[in-house]
Amino acid sequence: MIIYRPVGPQELDLIARSGFTAFPPRLPDQPIFYPVLNFEYAAQIAREWNSTGPDGAGFVTKFEIEHGYAEQFEVHIVGNRTHQELWVPAEELAEFNRHIVGLIAVEAAFYGEKFSGEIDPATNLPNGK
């Protein structure tokens, strides 16, 4: 199953440090990990939320998760029909990461007015990613 995760620069850095193989643990105030089921919704979050936040950038990651494993998580619709998320309890994220097939890829990048880093023209990612 192909799914997406919108992330900011800090989370992207932690994903890169894993060799693009895992998502970082949730913070104590983040009880749920929310990957989304379509690119459009992930891009909307990255563009309208992450890129307008304090770091000024948002990214859409794309990855494959074993279908049989992913089926255990209920799909939640949190707006219109395109706003579909899997709700993965934070304490299950390490196991979730073990079921990722291949690498986590960056599909899109959005930069807002507050972004102050340098962008690698070859990758459209901040230098060092």
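The values are calculated or read from the model by the stated rules, or taken from the named source; none is laboratory data. Nothing here was measured: the structure is a model prediction, and the numbers come from that model. As a convention, Cβ positions derive from the backbone with ideal geometry for all residues, glycine included, and neighbour counts pool all protein chains shown.
At-a-glance table
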{"quantity": "Single residue of GLY19, GLY8 found to be surrounded by fewer than 20 Cβ atoms within 10 Å (Cβ to Cβ), within 22 Å of GLY117 (Cβ to Cβ) and under 11 Å from the mean Cα position of the chain (by Cα)", "calculated": "GLY8"}
{"quantity": "Total residues in the range 79-129, condition under 17 Å from TYR4 (Cα atoms), without any contact (Cβ under 8 Å) to a residue 60 or more places away in the chain, under 17 Å from the mean Cα position of the chain (by Cα) and not in a strand (DSSP E or B)", "calculated": "5"}
{"quantity": "Residue ID - surrounded by the fewest Cβ atoms within 10 Å (Cβ to Cβ), chosen from residues in the range 49-60 that are within 14 Å of VAL36 (Cβ to Cβ) and out of contact with any Asp or Glu (no Cβ under 7 Å at 6 or more places or on another chain)", "calculated": "TRP49"}
{"quantity": "Within the range 17-31, tally of residues that are farther than 14 Å from ASN97 by Cα and touching a residue at least 24 places away in the same chain (Cβ under 8 Å)", "calculated": "2"}
{"quantity": "Subset of the range 43-59 [in contact with a strand residue (DSSP E or B) (Cβ under 7 Å, 6 or more places away or on another chain) and touching a residue at least 60 places away in the same chain (Cβ under 8 Å)]", "calculated": "ALA43, ALA46, ARG47, ASN50, SER51, GLY56, ALA57, PHE59"}
{"quantity": "Every residue from the range 36-78 that is within 23 Å of ALA16 (Cα to Cα), in contact with a Leu (Cβ under 8 Å, 6 or more places away or on another chain) and part of a loop (DSSP other than H, G, I, E, B)", "calculated": "LEU37"}
{"quantity": "So GLU113, is it modelled with pLDDT under 95 and either loosely packed, with under 13 Cβ neighbours inside 10 Å or not aromatic (Phe, Trp, Tyr) (or both)", "calculated": "yes"}
